[in-house]
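The values are calculated or read from the model by the stated rules, or taken from the named source; none is laboratory data. All values derive from a computational prediction rather than experimental measurement. Every residue, glycine as well, gets a Cβ built from its backbone with ideal geometry; the counts of neighbours run over all protein chains shown. Note: accessible area is taken over every heavy atom of the protein model, side chains too, but ligands, DNA and RNA are not part of it. Shrake-Rupley method; radii C 1.70, N 1.55, O 1.52, S 1.80 Å.
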Amino acid sequence: MAQGKRQWAPALAGATALDRVFAGLGALLGIGLTGYISSRAFPEAGMTPLIVAPIGASSVLLFAVPSSPLAQPWSIIGGNVLSGLVGIAVGQSVGDPILATGAAVGLAIVVMSLTRCLHPPGGAVALMTVMATHGSHGANFLYAFNPVGANSLILVVLGWIFHRFTRHSYPHVAAAAPGHLHGTQDQPPQTRGGVRAEDVDAVLAELHEAFDIDRDDLERLVQQVELRVFHRITGPLSCGDIMSKDVISVELDATTDEARKLMRERRLRRLPVIDRFGVLAGMVTASDLIGDDAFVSAVAKPALVAKADRPALNFVAQLTDGRAHEVVVVDDRRHVIGLLTQTDLLVALARQEAD
């Protein structure tokens, strides 16, 4: 019985209660402002509705699941407009309204799929435009652009602005897959023994199902799950457990020549940069110090930072993608208390395996 209840209960993976509140607020603002802007921009609309009903369904996707491929700008604008054009074309070509509605929705799905803008509300747009063509409105092809296209464009712009404030990725771009920075054909270290792109493609082909998630997002998700499972199996290992505690650093107002000398004396390749209060300000590498003498503050770059209680294995991906080689461990006031390097992590993992 419990299993049956779970099957009927819709769940949005990864969504928090706050996300749901933001989704409702976004729809409130998005639909309200879309109607208001349309009324101001097109006061001569006459019998044409200022906002069409399928835009409400578009807003659900846009504000509740902004990372969905079905909610991206081209999906919303292209899907709705193309479906509207299909609906009008079918409505003008097929005399039987019942047959026309079915043909319009089916053809709209095909057109949206082929043009990579599949958008569920597009089916409602196709149905609506067929009915508008056969009804008293006598809609023509301009109907697909105003109000359908205009509503869609306004809603997408409002969604983009709204998600800037809620810090959601929109338009959503999947995190770039790790690459090999040395230009060789080898797989990057973090994917050689784990989940690869071809594994994801093979499983998707075997399942014969379509999932509402970007394929690259799915690959990254599976890789992170694999890493978390490994962390659980090997046991907790915090940054504070394995970090180096006697950290050599350089101050912001030091010169690059002084930093180079310090690196040579201590046989270091990187130095955390601190201000005069001992607060972490960045990181410099040997390559940053090449060139004319200057102040360290001019060449310092952001550092990868963690607290001492963070699981060390959480940083496997960052420490193996070729961009970062260490994590600066800081306290609550961002004072440097340790340094976690690739070597520290490798030795700790080898020790765990030996135990």
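Observations
- Any hit, the stretch 138-160, residues being assigned to a loop (DSSP other than H, G, I, E, B) and either surrounded by fewer than 18 Cβ atoms within 10 Å (Cβ to Cβ) or modelled with pLDDT of 75 or more (or both): yes
- Residues of the stretch 85-113 classified as more than 20 Å from PRO73 (Cβ to Cβ), outside any loop (DSSP other than H, G, I, E, B) and open to solvent by 70 Å² or more (accessible area, probe 1.4 Å), total: 6
- Hits in the stretch 289-321 (condition: closer than 30 Å to VAL225 by Cβ and open to solvent by less than 40 Å² (accessible area, probe 1.4 Å)): ALA303, ALA306, ALA308, PRO311, ALA312, LEU313, PHE315, VAL316, ALA317, LEU319, ASP321
- Condition check for THR133: among the polar types (S, T, N, Q), within 30 Å of THR16 (Cβ to Cβ) and at pLDDT 80 or above: no
- Among the residues making up the stretch 114-131, those that are over 30 Å from LEU25 (Cα atoms) and surrounded by fewer than 22 Cβ atoms within 10 Å (Cβ to Cβ) are LEU114, THR115, MET131.
- Test: residue in the stretch 244-262 that is touching an Asp or Glu at 6+ places or on another chain (Cβ under 9 Å), among the hydroxyl-bearing types (Ser, Thr, Tyr), under 19 Å from THR341 (Cβ atoms) and modelled with pLDDT under 90: yes
- Within the stretch 323-349, tally of residues that are closer than 20 Å to GLU226 by Cβ and either open to solvent by less than 60 Å² (accessible area, probe 1.4 Å) or at pLDDT 85 or above (or both): 4
- Every condition in (1) out of contact with any strand residue (DSSP E or B) (no Cβ under 7 Å at 6 or more places or on another chain); (2) farther than 29 Å from HIS172 by Cβ holds for MET243 except the one numbered (1).
- Among the residues of the stretch 172-213, those that are at pLDDT below 55 and part of a helix (DSSP H, G or I) comprise PRO189, GLN190.
- When the stretch 25-59 is filtered for residues that are within 23 Å of the chain's Cα centre (by Cα) and surrounded by fewer than 17 Cβ atoms within 10 Å (Cβ to Cβ), the ones remaining, listed by number, are LEU25, LEU29.
- Residue match in the stretch 5-25 (condition: closer than 23 Å to ALA126 by Cα and at pLDDT 90 or above): no
- Just one of (1) modelled with pLDDT of 60 or more; (2) more than 28 Å from ALA71 (Cβ to Cβ); (3) among the hydrophobic types (A, V, I, L, M, F, W, C); (4) loosely packed, with under 13 Cβ neighbours inside 10 Å fails for ILE233. It is (1).
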